[in-house]
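The block underneath contains the structure these notes are about, expressed in structure tokens.
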Amino acid sequence: MLVKRNMTCDVLVVGGGNAGLVAAIEAKNNGADVLLIEKAPEKSRGGNSRISDGLFRISCPRGTDDFEPLLKGTKLPEGKIEIEPYSEDDCYNKIVQLTQGFADRRLTEIYVTKSLETVLWMKEQGFQWDLYPQLMHKIGDRLIWSSGQVALVAMNSGEGLVEMLYGVLEKSATQVLYQTAAHSLKVDSQGKVCGVVAQDIEGFLEIKAKNVILACGGFQANPAWRRRYLGENWDLVKLRGTRYDTGDGLRMAENIGAQLCGHWGGCHATVVSEDSPMIEAGTADSNRYSYNYCILVNRKGDRFVDEGEDFTIFMYAKTGKEILKQPGSVAFQVFDAKVFHLLRPVYQSALRVESNSLEELAGEMDIDVERFLQTVRRFNDAIVDDGKPFVAYELDGRRTKGLNPDKTNWALSIDTPPYRAYAVVCGLTMTYGGVKTNEKTQVIDTCDRPINGLYAIGEITGGFFYHNYASGAGLMRGAVMGRIAGAAAAHNL
């Protein structure tokens, strides 16, 4: 392959989202000459991190006290802030539970134990943190974040996260090449990765590097791979994540012998509005995450999930998959007037149908009217009347009994007009399969040996997430492992 120009650096970072940016900053802090290449144009830089809500799931054993240094300089909401403690054990156990025990225990332990120190380090770099209001509940003048709820968020969400990290990187005079996609890895006669061939708008270039860090995401934007690995109809789903994650890094790494691992049939699949765009739906206020307080029905008028299984942050990433299995791959969130005040702000201006009659509502949804009315009657009759109050901010135990599936929390009868229904579909954010890495973030080959000179972090790596996902875990593990990779690559020169 002919190349038009050549470049050199100590550490080359491929991909400019949260994980890659943290790695580049830490490598630069450790004295390396760093170059970062980003496939997207500058205005779209940041990958899935830019589209995210900017949430970071951290262990905070001391609760509010752990947050005080993080929030210095932040304009806090009025009221007494109470962030309940979240121990390392609780954080670790929740992640293992959600992955059905498949998560790599050592990598999960590193993520959990280094989460707090990593966000403190980001603060030291000039990063600004804020509190996430969507998961707060208010009692009098007390603003409370329950244990396990995500309280920490980047200032100005995902876009703010990306721009702050690029700002730190730019102050260090680190060079960034935009619209530059990695094409293949260069390997020397000893099997050491020594650079990358990349392609920009002018042609091919060769970048010689002493170490390469892959941080270029999974394959959620590759319809052919989605069909191959995730299964039928996954090539047709709406893409919530970035359009630039097409599996380039996975292909390059596998081509030089990298071992693949993780849940290649699994993905982060959330609930988005039916009218959201097909690509990068996450930029269009498309999330529909208030379904704890509704019944979720398909075109036949049947319920098909336990809407109250857990807090949304622990089930939203798997619920989209269940919607995809329904007739027409669409479902409807049905609320009555008792819970309108609990809906997230994006619902207020969202496309919906509304009626004072459940029969008319079903007609507007174009679903089986009689079956839907029967579903509502059975749901209302199955609610257990044991005196438990409805409490929106905790697992209140208000449940149904005798349904398939039952609703195990927040079960309120659907009986107070007006009624509202929102059409929702599956939105794919990221994939879970990836390359195998060790605790130093080195990529492991098919003989279980580290590939010298090659590191990987973020969504390109496997072994972290299986079946389900805890909100805020992706950005946090990306930052933790990014910092480890940056330091390791800078010291291996």
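The values are calculated or read from the model by the stated rules, or taken from the named source; none is laboratory data. Remember, predicted model here, so these are calculated numbers, not experimental data. All Cβ positions, even for glycine, are placed from backbone atoms using ideal geometry, and neighbour counts span all protein chains on display.
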| Given the conditions (1) in contact with a Leu (Cβ under 7 Å, 6 or more places away or on another chain); (2) surrounded by 20 or more Cβ atoms within 10 Å (Cβ to Cβ), which single one is not true for ARG288? | (1)
| request: Please enumerate the residues belonging to segment 93-107 that are over 11 Å from ALA470 (Cβ atoms) and either modelled with pLDDT under 95 or surrounded by 15 or more Cβ atoms within 10 Å (Cβ to Cβ) (or both). | output: PHE102, ASP104, LEU107
| remark: Residue count, segment 342-367, condition more than 26 Å from the chain's Cα centre (by Cα) and part of a helix (DSSP H, G or I), comes to 8
| note | Flagged in segment 373-387 as closer than 11 Å to ASP415 by Cβ and under 35 Å from the mean Cα position of the chain (by Cα), in numbering order, are VAL376, PHE379, ASN380, ILE383
| task | Return the residue satisfying two criteria in turn: it lies in segment 450-475 and is in contact with a helix residue (DSSP H, G or I) (Cβ under 6 Å, 6 or more places away or on another chain) and not in a loop (DSSP other than H, G, I, E, B), and of such residues it is nearest to VAL112 (Cα to Cα). | result | LEU475
| field | Any chance GLY478 is modelled with pLDDT of 95 or more, surrounded by 24 or more Cβ atoms within 10 Å (Cβ to Cβ) and at positive phi | value | no
| request: Scan segment 412-433 and give yes if some residue there is among the acidic types (Asp, Glu), in the same structural domain as VAL480 (by TED's automatic domain parsing) and either within 30 Å of ARG106 (Cβ to Cβ) or surrounded by fewer than 20 Cβ atoms within 10 Å (Cβ to Cβ) (or both), otherwise no. | output: no
| said: I want to confirm something. Restricting to segment 112-151 and keeping residues that are in a helix (DSSP H, G or I) and touching a strand residue (DSSP E or B) at 6+ places or on another chain (Cβ under 7 Å), which single residue is farthest from ILE95 (Cα to Cα)? | reply: LYS123
| query | Taking segment 36-65 on its own, how many of its residues are surrounded by fewer than 17 Cβ atoms within 10 Å (Cβ to Cβ), closer than 29 Å to GLN179 by Cβ and of a type outside the set (Asp, Glu)? | reply | 2
| task | Tell me, please, whether a residue that is on the phi > 0 side of the Ramachandran plot, small (Gly, Ala, Ser), part of a loop (DSSP other than H, G, I, E, B) and in contact with a helix residue (DSSP H, G or I) (Cβ under 9 Å, 6 or more places away or on another chain) can be found in segment 388-408. | result | yes
| query | In segment 117-127, what residues are in contact with a Leu (Cβ under 9 Å, 6 or more places away or on another chain) and buried (at least 17 other Cβ atoms within 10 Å of the Cβ)? | reply | VAL119, MET122, GLN125, PHE127
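Let's see how each residue does on (1) in the same structural domain as THR441 (by TED's automatic domain parsing); (2) in contact with a Leu (Cβ under 6 Å, 6 or more places away or on another chain):
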position: LEU161; (1), (2): yes, no
position: TYR166; (1), (2): yes, no
position: ALA173; (1), (2): yes, no
position: LEU177; (1), (2): yes, no
position: ALA182; (1), (2): yes, no
position: SER189; (1), (2): yes, no
position: GLY195; (1), (2): yes, no
position: VAL212; (1), (2): yes, yes
position: TRP225; (1), (2): no, no
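Only residues that are part of a strand (DSSP E or B) and aliphatic (A, V, I, L, M): list them for segment 260-296, please. I'd like the intermediate steps shown before the answer.
Quick first cut of segment 260-296, residues part of a strand (DSSP E or B) only: 260-261, 267-273, 279, 287, 295-296.
Passing the criteria: LEU260, ALA269, VAL271, VAL272, ILE279, ILE295, LEU296.
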| field | GLY126 being over 18 Å from LEU395 (Cβ atoms), among the small types (Gly, Ala, Ser) and without any contact (Cβ under 8 Å) to a residue 40 or more places away in the chain | value | no
| query | What is the number of the single condition among (1) over 30 Å from SER147 (Cα atoms); (2) touching a Ser or Thr at 6+ places or on another chain (Cβ under 7 Å); (3) modelled with pLDDT under 95 that SER349 does not meet? | reply | (2)
